[in-house]
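Worksheet for the structure shown next.
Bear in mind these aren't lab numbers, they're just calculated from the coordinates by the rules spelled out. For clarity, every value in this text was computed on a predicted model and none was experimentally measured. We place every Cβ from the backbone using ideal geometry, glycine too, and count neighbours over all the protein chains shown.
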Amino acid sequence: MTAIDSGHTPRARPVYPGMKLLIVGATGNTGREVLDLALARQHRVTAYVRSPQKITRADSELRVVRGDPFDLAALAKALEGQDAVLSTLGLPPRQALRPSNFMAESAASIVSAMRTAGVSRLCILSAAVLFPAKGVQYAFFKWLLQHHARDLEALETVVKASDSEWTIARPPRLVKAPDARYVAARDVLPPGASSATFRGVAAFLLDAAERREHLRETVGIVRPLRGH
């Protein structure tokens with residue numbers, strides 16, 4: 001039986017409060033939500049980004065480091081002393097329709113840098129398109145995103161072959177909304193909603209890191225149905 005986890009229940013106190021977290025992809029839609037929630041939860045955050053000027057927020061617990069995800073030496077240096085890595089890297093929609101190895105190669109760089117820096121915990125973003133499903137609509141999106149899906153499959157293969165304590169999040173279509181609630185299930189997409197919010201996925205990634213939950217698990221994430 002698959003366990004269903006509804007995020008932000010009364011048990012949601014972090015097991016490890018005040019963590020040192022490195023966010024890769026902190027200027028993207030999900031990454032910005034991770035950054036916001038992590039600081040709200042009083043974690044010490046390092047944002048490892050190509051374009052530091054895109055982060056305009058000032059906070060005593062925020063350190064912004066310029067770097068490329070493929071620069072192993074710089075990434076390993078930024079990782080020193082961190083408790084966990086949260087990777088929300090992705091591709092712009094148009095690029096996701098073309099052949100690419102960006103997701104897999106960036107994941108390989110991250111796990112290699114983690115090994116060098118002695119950091120074991122990784123929470124990383126993938127997508128629900130990798131779940132098996134039936135129906136004409138799903139088949140169309142599977143075809144449309146075939147190149148991105150192939151890249152994400154390679155990403156997950158890299159992560160699962162590593163010695164890290166990984167959690168892979170697979171949300172469906174992501175939407176902007178202030179709602180941080182989510183429903184999560186191991187190895188399947190939870191029934192009901194066909195989308196997830198950027199903030200809800202960010203909350204899941206943080207919850208998994210804080211509570212050390214879903215270790216070496218692939219997890220489907222959706223937003224709760226209205227009225228739930």
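Of the three principal axes defined by the Cα atoms of region 28-161, the extents in descending order read 50, 29, 24 Å. Among beta bridges from DSSP that stay inside region 4-222, the antiparallel ones total about 20%.
The calculated pair-distance distribution of the chain uses every alpha carbon pair, bins of 5 angstrom beginning at 0, and gives 1, 7, 15, 20, 22, 17, 11, 5, 2, 0 percent. Computed about the Cα centre, the dipole magnitude for the chain is approximately 540 debye when only Lys and Arg (+1) and Asp and Glu (-1) carry charge, each at its Cβ.
A simple charge model with +1 on the Cβ of Lys and Arg, -1 on the Cβ of Asp and Glu and nothing else charged puts the dipole of region 102-226 at about 420 debye relative to its Cα centre. Working out 0.36 nm times the residue gap between Ser51 and Phe141, then minus their Cα-Cα distance, what length gain in nm do you get to one decimal? This chain segment gains 29.3 nm when fully extended.
Please give the charge dipole size of region 13-110, origin at the Cα centre, charges +1 on K and R Cβ atoms and -1 on D and E Cβ atoms. Round to the nearest 20 debye. In debye, rounded to 20, region 13-110 gives about 200. Binning the alpha carbon pair distances of region 143-228 at 10 angstrom intervals from zero yields the distribution 18, 45, 32, 5, 0, expressed in whole percent. Shape analysis of region 86-150 based on the Cα gyration tensor places the equivalent ellipsoid semi-axes at 28, 13, 8 Å, largest first. For a 30 Å ceiling on Cα separation, which of these pairs sit above it: Lys77/Lys142; Lys54/Lys142; Lys54/Lys176; Lys77/Lys176; Lys54/Lys160? Lys77/Lys142; Lys54/Lys142; Lys77/Lys176; Lys54/Lys160, as the Cα separations exceed 30 Å there.
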